[in-house]
Amino acid sequence: MTTGIVIAVIVVILIGLFILLYNNLVKASTYTQESWSQIDVQLKRRNDLIPNLVSTVQGYASYEKSTLTKVVELRNQLVAATGTPQSTAAERTQTMALSDQLSNQLKSVFALSENYPDLKASAEFSKLMEELTNTENKIAYSRQLYNSSVATYNMKLQTFPSNFVAKVTSFKEATYLQVPEEETKTPEVSFKKYEDL
């Protein structure tokens, strides 16, 4: 009789431990999805600011149509690609690749202000530049938060005993967001033009 009670207590403890570990995996997975949602929020904010930026720049720099067209095309592709918190790793990778391309194009738009003093002096353009720069910073922070959430979640999938629960309940590893390859290259610096001074 006491053996039956001991076995029952052990079974209850094991079931309780299984439930606890399962709930921890669900929480970590949910945090990962929520941190991806933060990226989506910032991408949407940037996408909403771009039409205003394009119309402002068009008023001052009508000759830069190809640059503005590329920004609009990338923005539209990004709007179409922006997924859900449950989007696949491939969809997230595609979304971030488009986002990186758009960020690079926006740098070109910001550089236009150097060639157009009236544009540079425009209060509306300056405000949009500031908002877009803040949004770019928030996107970068959201990417860090997402990768941190992925690290926590993936650790739970790999450590004992939660790895056992993860295998039994079919939890899958999440994928980190990677830094674009061109941003990992060391910039070339040349002092040749200063040698003649």
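Since every read-out is calculated from the coordinates, none of them should be taken as a lab result. This is a predicted model, so every value here is computed, not measured. A quick note on method: Cβ atoms are made from the backbone with ideal geometry, for glycine too, and the neighbour counts reach across all protein chains shown.
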Proximal lysine pairs in segment 2-173, meaning Cα under 16 Å and 8 or more positions apart or interchain, come to 9
Dipole magnitude of segment 2-173 about its Cα centre (Cβ charges: Lys, Arg +1; Asp, Glu -1), debye to nearest 20: 460
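On full extension of the chain, what length is gained from ASN76 through ASN24, given 0.36 nm per residue of separation minus the C-alpha to C-alpha distance? Don't jump to the answer; show the numbers that get you there.
Values: separation 52, 0.36 × 52 = 18.72 nm, distance 3.78 nm.
Roughly 14.9 nm would be gained on extension.
State the extension gain, in nm to one decimal, for the chain segment bounded by SER148 and THR3, taking 0.36 nm per residue of separation less the distance between their alpha-carbons. Walk me through the numbers on the way to the answer.
On the way: separation 145, 0.36 × 145 = 52.20 nm, distance 4.58 nm.
So the extension gain works out to 47.6 nm.
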Using DSSP H assignments, which helices in the chain have an axial alpha-carbon span of 30 Å or above and a mean Kyte-Doolittle hydropathy of -1.0 or higher? 2-60, 89-115, 123-158
Sequence ranges 159-169, 68-78, 96-106, ranked by mean other-Cβ count within 10 angstrom, highest first: 96-106, 68-78, 159-169
Exposure proxy check on TYR146, TYR176: fewest-to-most Cβ neighbours within 10 Å is TYR176, TYR146
Projecting each Cα onto the charge dipole of the chain (Lys/Arg +1, Asp/Glu -1 at the beta carbon, about the Cα centre), which of LEU68, ASN115, ASN147 comes out farthest on the positive side? ASN147
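On a full-extension model of 0.36 nm per residue, what is the gain between GLN158 and GLU114, subtracting their alpha-carbon distance, rounded to one decimal in nm?
Details: separation 44, 0.36 × 44 = 15.84 nm, distance 5.13 nm.
Here the segment from GLN158 to GLU114 would lengthen by 10.7 nm.
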Value at 222 nm in deg cm²/dmol, rounded to 500, when DSSP H runs of n ≥ 4 in the chain each add -39,500 (n - 2.57): -28000 deg cm²/dmol
Segment 2-173: Rg to Rh, with Rh as the Kirkwood radius over Cα pairs: 1.25
Computed from the beta carbon distance with a Förster radius of 22 Å, FRET efficiency for ASN52 and GLN178 to the nearest 0.05 stands at 0.10
